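The structure under discussion appears below in the form of structure tokens.
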Amino acid sequence: MTDLQALLRLQQHDTAADQLRHRRATLPERDLVAGMVVELSRLGAELTAAGAEHDRLANDQSRLEAEVTVSEDKRRTLERRLASTSVPREAQTMSDEIDGLKARQSGLEDQLIEIMEVLEPLDQRLAAGAAERVDLEARLAAGRDALAAAEAGVDAQLATVGAARLQAAAPIPDVLLARYERLRSKLDGVAVATLDGSRCTGCNLMLPTSELEQIRATGADTIIECEQCGRILVL
């Protein structure tokens, strides 16, 4: 096997490794996990907002219930005093105050009803959201397990290709190997191409007849680069 043929084999291993790394980065399991992470974050934000609104309404409910209790106690006290008084003016004053307390209590109770009407569906949403989060977290854990298994499968293939690459690179002269690595870094990972008729498989362009004749007239170990893309050509 010539140095150039060994270089072509090395390129094949590197291309396979690049494809595996791309496949690892674009595993469908990775997209599924990313989607569930986004959904879990969205759900968490929604439940946090709903929980804050629930707490605010619950605090308002507690405050209003306390005010209703105070108003009720005061009204009952006044009603007892009214029942025992014999002073007309005092009785009228207490009666007016009782009517005011009843009106205020009625308004407070209306506000309580409004709050409870809002709290009921909010409680249901929080309960449903909590169950949804548990389900989503379970699916996310399973998705991460599936992603780890898929990554491990690709990593095993990468290890095999890596070992084969070391063997392929061993007989290649250091100078040629360094040139190959420089070209790979400039040419999207593909430094070596072959000829398919008169077409360079690296850039898919047709080579001029004069260049083809020059290539075919050279020896098997002569390093020739494609004038179109700069890749090393192997016959």
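Given the options 73, 31, 55, state which has the largest fluctuation in a GNM of the chain using a 10 Å cut-off (strictly under) for Cα springs. Top of the fluctuation ranking is 73. Relative contact order (percent) for the range 174-234, with alpha-carbon contacts under 8 angstrom and 6 or more residues of separation? Normalised by residue count, the contact order of the range 174-234 is 32 percent. Among 134, 192, 70, the largest mean-square fluctuation in a Gaussian network model of the chain (Cα springs under 10 Å) belongs to 70. A Gaussian network model of the chain, with springs between Cα atoms under 10 Å, assigns the largest mean-square fluctuation among 103, 127, 49 to 103.
Distant-in-sequence amide contacts of residue 234, defined by a placed amide H-H separation under 5 Å and a gap of 5 or more residues or a different chain, comprise 193, 194, 195.
Note that the range 167-178 has calculated 3J(HN,Hα) couplings of 5, 5, 7, 4, x, 7, x, 4, 4, 5, 5, 5 Hz, one per residue in order, obtained from phi through the Karplus relation 6.51 cos²θ - 1.76 cosθ + 1.60 (θ = phi - 60°); glycine and proline are x. Using the average count of surrounding beta-carbon atoms within 10 Å as a protection proxy, the listed peptides 223-232, 75-84, 159-168 rank, highest first, as 223-232, 159-168, 75-84.
Assuming charge only on the beta carbon of Lys and Arg (+1) and of Asp and Glu (-1), the dipole of the chain about its Cα centre is about 820 debye to the nearest 20.
Each residue of the range 82-88 was assigned a 3J(HN,Hα) from its phi angle through the Karplus curve 6.51 cos²θ - 1.76 cosθ + 1.60 (θ = phi - 60°); the sequence is 5, 5, 9, 8, 10, 9, x Hz, with glycine and proline shown as x.
Most simply put, the chain has about 60% antiparallel DSSP beta bridges, counting only bridges with both residues inside it. Each residue of the range 105-116 was assigned a 3J(HN,Hα) from its phi angle through the Karplus curve 6.51 cos²θ - 1.76 cosθ + 1.60 (θ = phi - 60°); the sequence is 5, 4, x, 5, 5, 4, 5, 4, 4, 4, 5, 5 Hz, with glycine and proline shown as x. Going by the alpha-carbon gyration tensor, a ≥ b ≥ c the square roots of its eigenvalues, is the range 174-234 rounded (a/c under 1.5) or, if a/c is not under 1.5, prolate (a/b greater than b/c) versus oblate? Oblate, because a/c is 1.5 or more while a/b does not exceed b/c.
No value in this document is a laboratory result; all are computed from the given coordinates. Just so you know, these numbers come straight off a predicted model, no measurement behind them. Every residue, glycine among them, receives a Cβ derived from its backbone with ideal geometry; neighbour counts consider all protein chains shown.
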